Amino acid sequence: MQFRIGQGLDIHAFTDGDHVMLCGVRLPHDRGLAAHSDGDVAIHALCDAMLGASAQGDIGQHFPPGDDQWRDADSTVLLAKVRELLAEQGWQLVNLDLTIVCESPRIAPHVSLMRETLAEVLGTPASVVSVKATSTEKLGLCGRGEGIAVLALVLIQGEG
């Protein structure tokens, strides 16, 4: 049995809107996130981490932003497809850890639902899904309220 670690990072800028999608959960907010799909920056970082761990490139290779097929796509659909890509190569998720970096919206009230939603999409227990948030103390693009960044780490196992 082999183990592999993958990391992902994604950042989306705020734009006009009335909500943000994070971890498959719609959060009311006074702005949205600019993106080709639904802008779920957390799922995008997670997809990159999973694809990286399995040496299958990145999210842009599998779901090109210029491809109208993925315009306004539900990112949970993308995550399910990434899970299938890993399964086809004999990989399964051991655990994942997401850190959402933003000043707003408040993440803590939604963490349980985020964990449950990701676990359902990935077909794994919520006990192996970690979602947490931090601010940057008003420093940098996230601190200035320009967008949201997410760091993702995953551990996968398989025969490789």
Review point. Just wondering, is there one or more residues in segment 46-58 that are surrounded by fewer than 16 Cβ atoms within 10 Å (Cβ to Cβ) and on the phi < 0 side of the Ramachandran plot?
Key: yes
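Quick check on my filter: what residues within segment 95-106 are in contact with a helix residue (DSSP H, G or I) (Cβ under 7 Å, 6 or more places away or on another chain) and either farther than 18 Å from THR15 by Cα or not in a loop (DSSP other than H, G, I, E, B) (or both)?
The answer is ASN95, LEU96, LEU98, ILE100, VAL101.
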Exercise for review: Report, by residue number, each residue of segment 1-20 that is aliphatic (A, V, I, L, M), farther than 20 Å from ARG144 by Cα and modelled with pLDDT of 95 or more.
Suggested key: ILE5
Practice item. Sort out which residues of segment 103-131 are free of Cβ contacts under 8 Å to residues at least 40 places away in the same chain and either surrounded by 13 or more Cβ atoms within 10 Å (Cβ to Cβ) or among the aliphatic types (A, V, I, L, M) (or both), and write them in order of number. Key: ALA108, VAL111, GLU116, ALA119, GLU120, THR124, ALA126, VAL128, VAL129, SER130
Exercise for review: Tell me, please, whether a residue that is in a helix (DSSP H, G or I) and surrounded by 14 or more Cβ atoms within 10 Å (Cβ to Cβ) can be found in segment 4-25.
Suggested key: no
Revision key, fill the gap. Picked from segment 26-45 (must be charged (D, E, K, R) and in a loop (DSSP other than H, G, I, E, B)), the residue surrounded by the fewest Cβ atoms within 10 Å (Cβ to Cβ) is ASP30
Exercise for review: For GLN56, indicate whether it is in contact with a helix residue (DSSP H, G or I) (Cβ under 8 Å, 6 or more places away or on another chain), more than 20 Å from GLU120 (Cβ to Cβ) and assigned to a loop (DSSP other than H, G, I, E, B).
Suggested key: yes
Check your understanding: Which of the residues belonging to segment 71-94 are under 20 Å from LEU9 (Cα atoms) and either modelled with pLDDT under 95 or surrounded by 18 or more Cβ atoms within 10 Å (Cβ to Cβ) (or both)?
Key -> ALA73, ASP74, SER75, THR76, LEU78, LEU79, VAL82, ARG83, LEU86, LEU93
**Study point:** Single residue of segment 103-145 satisfying the filter (small (Gly, Ala, Ser) and touching an Asp or Glu at 6+ places or on another chain (Cβ under 8 Å)) that is farthest from HIS29 (Cα to Cα)
**Key:** ALA126
Review point. Could you say which residue among GLY90, GLY60 is touching a strand residue (DSSP E or B) at 6+ places or on another chain (Cβ under 6 Å) and of a type in the set (Gly, Ala, Ser)?
Key: GLY90
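The values are calculated or read from the model by the stated rules, or taken from the named source; none is laboratory data. The shown structure was predicted, so the numbers you read here are calculated from the model rather than taken from an experiment. For neighbour counting, all protein chains shown are included, and Cβ atoms are generated from backbone atoms with ideal geometry for every residue, glycine included.
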